[in-house]
Amino acid sequence: MKLRKVPAASATVLALALTATACGGDSDGGSSGGDDKKITIGIKFDQPGLGQKTPDGYEGFDVDVATYVAEKLGYAEDQIEWKESKSADRETMLQRGDVDFIAATYSITPQRQEKVDFAGPYLLAHQDVLIRADDDKIKTPEDLNDAKLCSVTGSTSAQNVKEKLAPKAQLQPYPAYSACLPGLQNGAVDALTTDDSILAGYAAQSQFKGKFKLGGFKLTNENYGIGVKKGSDLKDKINKALEEMVADKSWDKAVKDNFGPANYQNEPAPEIGDIKS
């Protein structure tokens, strides 16, 4: 299945140019004026199917959504600078003006809404667990008690399991989801928990095919939104772009292109502002 690949070369932009433009407080996002305008977008670099940096550029559902939105805002692909937005850094990057917006599996929560604004949601995912394909011990969320549970520093997934479902789970924080996979494969950890969309992306990678499986627990609703700086007028513009993406079927195509290989059973496109609790 052919995925969108954004050339890495087009993503290299001098920081000095952005200081006076995209991240310098322009309310419309990006710089203004001629062909030199740029927009800076935060994505994940290590999440197959969603946001991944490859030798050929950047690909994934979040990349496709962000590229579509940027084009509706008036920016061509070669005017986009991609920046890695790790889970623990997202609010700070927006508050500091390092990026114009973030599309990085960024779940809308009341706590985050106190610090940043969100457009969307543009995808409804569910928290789940990834376990080894031959694991017959973890059949329910309660089976995660006493299991070694891997998640990423700054995410809410492991805390949800620990606080609500399996208080005896042994949390094993890692800096990135990709870092959890070797440990899961060799038995150093028993399960990786995060959104099913992310887990499906990893399970579909060629080197891991047949080695892992999803628990299918649907532990939470994860409403992916596009984060912007508090008070930014980009929120309304991005919402309009997301509505157009659904209406012209570009959203459906992005889902098929990026999640199809993993047979991911996605939810329908959510309505703007419809945040499932």
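The values are calculated or read from the model by the stated rules, or taken from the named source; none is laboratory data. Every value quoted in this text rests on a predicted model; they were computed, and no experiment measured them. Cβ sites come from the backbone with ideal geometry, for glycine too, and all protein chains shown count toward neighbours. All accessible areas refer to the heavy atoms of the entire protein, side chains included, with ligands and DNA or RNA removed. Shrake-Rupley method; radii C 1.70, N 1.55, O 1.52, S 1.80 Å.
Region 165-205: Rg/Rh from Cα coordinates, Kirkwood Rh? Working shown, then result.
Numbers: Rg = 10.6 Å, Rh = 11.1 Å.
Expressed as Rg/Rh, it is 0.96.
Using a 1.4 Å probe on the protein chains only, how many percent of the accessible area of region 212-256 belongs to carbon and sulfur?
Details: 1130 of 2260 Å².
After summing per-atom areas, the C and S share lands at 50 percent.
Working note: Debye formula, equal point scatterers on the alpha-carbon atoms of region 169-242, no solvent; log10 I(q)/I(0) at q = 0.12, 0.18 Å⁻¹ is -0.50, -0.82. Of all aspartates and glutamates in the structure, those lying under 17 Å Cα to Cα from residue 256, and not within fewer than 8 positions of it along the same chain, are 59, 62, 64, 196, 248, 267. Extending 7 Å from Cα along the Cβ direction at residue 277 and again at residue 218 yields two label points whose distance is 1.9 nm. Accessible surface calculations at 1.4 Å, restricted to protein heavy atoms, place the chain at 45 Å² per residue.
Placing a label point 7 Å from the Cα of residue 188 along the Cα-to-Cβ direction, the residues of region 45-65 with a backbone N closer than 20 Å are 46-48.
Students often get this wrong, so check it: of 164/229; 230/253; 168/218, which have C-alpha atoms separated by over 25 Å? Provide the component values of the computation, followed by the final result.
Working: 164/229 31 Å; 230/253 31 Å; 168/218 20 Å.
Result: 164/229; 230/253 exceed 25 Å.
Charged neighbours of residue 218, selected by a Cβ distance under 12 Å, balance to -4 (K, R count +1; D, E count -1). Semi-axes of the equivalent ellipsoid for region 139-213, computed as √(5λ) from the eigenvalues of its C-alpha gyration tensor and ordered from largest down, come to 20, 13, 12 Å. Model label points for residue 133 and residue 208, set 7 angstrom from Cα along the Cα-to-Cβ axis, are 1.3 nm apart. With the convex hull drawn around the C-alpha atoms of region 214-277, the volume per residue stands at 112 Å³.
Spin-label model, residue 56/residue 267: points 7 Å from Cα along the beta carbon direction are separated by 3.2 nm.
Region 45-119: which trypsin sites (Lys or Arg not before Pro) are DSSP loop and have at most 15 other beta-carbon atoms within 10 angstrom?
Details: sites: 53, 72, 83, 86, 90, 96, 112, 115; in loops: 86, 115.
Loop-located and lightly packed - 115.
The angle separating the long axis of helix 177-186 from the principal Cα axis of greatest extent in the chain is about 20 degrees.
Between residue 236 and residue 168, what is the FRET efficiency for a Förster distance of 35 Å, r being their Cβ-Cβ separation, to the nearest 0.05? The partial results should precede the final answer.
Numbers: r = 45 Å, r/R0 = 1.30.
Here the calculated transfer efficiency is 0.15.
Of the accessible area of region 91-150, computed with a 1.4 Å probe over protein heavy atoms only, carbon and sulfur atoms account for 42 percent.
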